[in-house]
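What follows is a set of notes on a single structure, which appears directly below.
The values are calculated or read from the model by the stated rules, or taken from the named source; none is laboratory data. Keep in mind that what you see is a predicted model, and the values were worked out from it rather than measured. With ideal geometry, Cβ positions are generated from the backbone for all residues, glycine too; neighbour counts draw on all protein chains shown.
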Amino acid sequence: MSETKIVDFHCHLGRWGFPRIDDLTDRYLRIMDLSGVDLACVNCIFFGNASIGNDIVASVVKEAPDRFIPVAFVTPHYQDDVIGELERCFGELKAKFLKIYPTYYQRPVDDPGYEKIFKWCSDNKKVIMSHASEVFETNPPQLVDRYSNLADKFPGVSWVMAHGATGGRHKRDQIIEAVNKVPKVYIDTAGSLDTFGGFETLVSNVGAKKIVFGSDMPLFDARNQIARIITSKITEKEKKQILGENTIKLLGLKNAKK
Amino acid sequence: MGNIELDFKPTVKVWDSNASLGPRHDFKVSVDTSEQTLEEMDRLEIEKAIVYSPHAVGFDSNDGNNYLIDLINSNERLIPQFVFNPTWDNLEQFQDEIEKNRISSVRMTPSVHQYPFENWIVKPWLSWLQETKIPLWIPISYEFLSNESPVNPSELHETIRQYPELQVVIADVHYKYSWIFQLLESLPNCYVEISQFIGTGAVEELIERLGYERILYGSGFPENNFGRQLYSIHQSGLEKNVLESICHKNVKELISNS
């Protein structure tokens, strides 16, 4: 499609029986090949003890280092462990960004329980991917306020709202406002929800530069997810930005040419 | 490594087995006219689409079905599918409407209309459908139309097995409903529509376990895009006859029997 690699920003590893998620690396790579994905950013969020998941990530990356990019995961349930694990992930394991998962913590991304983690990431200028809001929130703030506050408190962090660019109706206006008003906020395309014209609306309102392709693989098939971009009514230049160029720039990836 | 075309077009004839047409009461759908639907079908080279009325599901089947006929305005690329509610509609009147409008398939929505899918309710209707060979679409859930619980799989299994000649399309099968494999293996008269079945490798697994003859391409348009699953199955390395069957032959044969 171009000389630039296609990078999937939002991928998981590990086994999860209920939605039929297995841990077969060969199959993972086969689906990536069929999808056209060159590089997958992989995290493992399935363990209460985050280091177990991070070790799984490291072992899979070792199997195919030219195809997988390691992503760190830590949980605020274990406050005493988070800094050590962050240092291990971004040092020894060479993680390129951090994934947090507020659903497990049952507190939203701006909860004080995350402050120690975010402070370390801000000091070290890291990218953090997280859900922007959660279904358990009874009275959530507007996303622009949430991310303005986070940006003020943790200026070194770049934020990626997971599932922010599916094109579904849910909070679409709030997402557009937050991405446009708060610097260093990006959105990824992973998700089951969609609506005709929704993705194009996002691209025209926030600009393709703020959107990164993500699949949520293996929960969702990367072919289905990449189709959101491939079959949309946006320009070829915008498609290339979303499919790889933006992530390569955001993460500072080297060897990004095929 | 994978390689993809940014300007996707299907390589086989395509009939969409799961689209809707018409405005909704609770928000403005992005496409609600035949003209707009056909324009998008042209863009992605969809030859025909089976369409039902969301009003018939959300409010009243009779009103919605009539509205659908008006909207289609005899365009042969849009194949009308009538909705019925066995707890409210009159069977004889519905039979007349089916004959008058030459309807080739019908849809019932137990999850939205909130009745158990059990023989003491559906027997006259299913007996008639079996006798006349009119295929029946049953969506598992309507997440975009209703917050009601999905159809009880045990009710589906127990009731459908009593009508071995009735052809049933299980539609809108969410990726998390893994029991669909056992249901389809147990009921050879059931087909599956794949718009929401987007887990990694899920369609290939369906083909492996069931064969390709009972799998139907569908989109969920306009609350989803025509291109998502269409692109996905095109990137699956399927033999041409398998792709043709899933994309149009299976559904064509199904609705031709009635």
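Quick notes on this one:
- Residue check for residue A:115: away from every other protein chain (no Cβ under 14 Å), under 23 Å from residue A:73 (Cα atoms) and modelled with pLDDT of 95 or more: yes
- Among the residues of the stretch A:93-119, just one is small (Gly, Ala, Ser) and crowded, with 22+ Cβ neighbours inside 10 Å, namely A:95.
- Some residue of the stretch B:172-179 being of a type in the set (Lys, Arg), without any contact (Cβ under 8 Å) to a residue 24 or more places away in the chain and closer than 30 Å to residue A:228 by Cβ: yes
- Filter result for the condition that a residue is away from chain A (no Cβ under 14 Å), touching a Phe, Trp or Tyr at 6+ places or on another chain (Cβ under 6 Å) and not in a loop (DSSP other than H, G, I, E, B), over B:155, B:185: B:155
Yes or no, residue by residue, for (1) of a type in the set (D, E, K, R); (2) surrounded by fewer than 21 Cβ atoms within 10 Å (Cβ to Cβ); (3) under 19 Å from residue A:109 (Cα atoms):
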position: A:4; (1), (2), (3): no, yes, no
position: A:14; (1), (2), (3): no, yes, no
position: A:26; (1), (2), (3): yes, yes, no
position: A:35; (1), (2), (3): no, no, no
position: A:42; (1), (2), (3): no, no, no
position: A:65; (1), (2), (3): no, yes, no
position: A:72; (1), (2), (3): no, no, yes
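- Residue tally, condition surrounded by fewer than 18 Cβ atoms within 10 Å (Cβ to Cβ) and assigned to a loop (DSSP other than H, G, I, E, B), over the stretch A:205-233: 2
- Hey, residue B:219 at pLDDT 95 or above, touching a Gly at 6+ places or on another chain (Cβ under 9 Å) and not hydrophobic (A, V, I, L, M, F, W, C) or not: yes
- For the stretch B:203-228, a residue qualifies if it is within 14 Å of another protein chain (Cβ to nearest Cβ), surrounded by 24 or more Cβ atoms within 10 Å (Cβ to Cβ) and not in a loop (DSSP other than H, G, I, E, B), and the qualifying residues are B:203, B:227, B:228.
- Some residue of the stretch A:214-234 being of a type in the set (Lys, Arg) and closer than 26 Å to residue A:45 by Cβ: yes
- Qualifying positions in the stretch A:16-28 - under 19 Å from the mean Cα position of the chain (by Cα) and not in a strand (DSSP E or B): A:28
- Condition check for residue A:33: within 14 Å of chain B (Cβ to nearest Cβ) and assigned to a helix (DSSP H, G or I): yes
- Number of the exception - residue A:227 against (1) in contact with a strand residue (DSSP E or B) (Cβ under 8 Å, 6 or more places away or on another chain); (2) among the hydrophobic types (A, V, I, L, M, F, W, C); (3) at pLDDT 95 or above: (1)
- Counted as qualifying within the stretch A:49-110 are the helices (runs of 4 or more DSSP H) with 2 or more residues that are hydroxyl-bearing (Ser, Thr, Tyr), namely A:50-63, A:102-105.
- Residues of the stretch A:65-88 that are within 21 Å of residue A:217 (Cα to Cα) and hydrophobic (A, V, I, L, M, F, W, C): A:68, A:69, A:71, A:72, A:73, A:74.
- Residues of the stretch A:166-201 classified as among the β-branched types (Val, Ile, Thr) and closer than 21 Å to residue A:221 by Cα, total: 4
- Hits in the stretch A:120-135 (condition: of a type in the set (A, V, I, L, M, F, W, C) and surrounded by fewer than 16 Cβ atoms within 10 Å (Cβ to Cβ)): A:135
- Hits in the stretch B:1-38 (condition: modelled with pLDDT under 90, more than 10 Å from chain A (Cβ to nearest Cβ) and closer than 21 Å to residue A:232 by Cβ): B:28
- Filtered residues of the stretch B:108-163 (kept if aliphatic (A, V, I, L, M), buried (at least 19 other Cβ atoms within 10 Å of the Cβ) and modelled with pLDDT of 95 or more): B:108, B:122, B:126, B:129, B:134, B:136, B:138, B:156, B:160
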